[in-house]
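Bear in mind these aren't lab numbers, they're just calculated from the coordinates by the rules spelled out. It should be emphasised that the depicted structure is a prediction, and the values quoted were computed from it without experimental measurement. Here Cβ is always computed from backbone atoms with ideal geometry, including for glycine, and neighbour counts include all displayed protein chains.
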Amino acid sequence: MTQFVTDDATIAACPTTRNLTASPGTRPITRTRFEGKRTTPKARERVWTLVRDNRRIDAELLNQGEAGVEVQFILNGELARSWRFPSRAGALGEADAQRARLLSAGWTAPD
């Protein structure tokens, strides 16, 4: 299982696309520039939202078609971590595991 960082210093310094470690059987997502090409925005599915000390983390699923399903963790509106899985079930499993870890670290569901 991947561990999601929960301490203030690590979150503040968290890179968005480099030095990411993924769960076994997954691969980290790296962003590539597609100059001159237009892409169609894909619909996002919010799985959960947690808050703590005026910070917010959202878990969202993004269907990438044949490439699989990407789970993204958005911290205060910016991409913090992202992994792609071959199936929706795998992406949901990772989101659920991260939610459980964050809840045990003091994060809560918003009111």
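Where in region 90-105 does the amide nitrogen come within less than 17 Å of the point 7 Å from the Cα of Gln64, taken along Cα to Cβ? Residues 90-95 qualify, since their backbone N sits under 17 Å from the label point. In this structure, the amide hydrogen of Gln64, modeled 1.01 Å from its nitrogen in the peptide plane, lies closer than 5 angstrom to those of Val69, Glu70, counting only residues at least 5 positions away or on a different chain.
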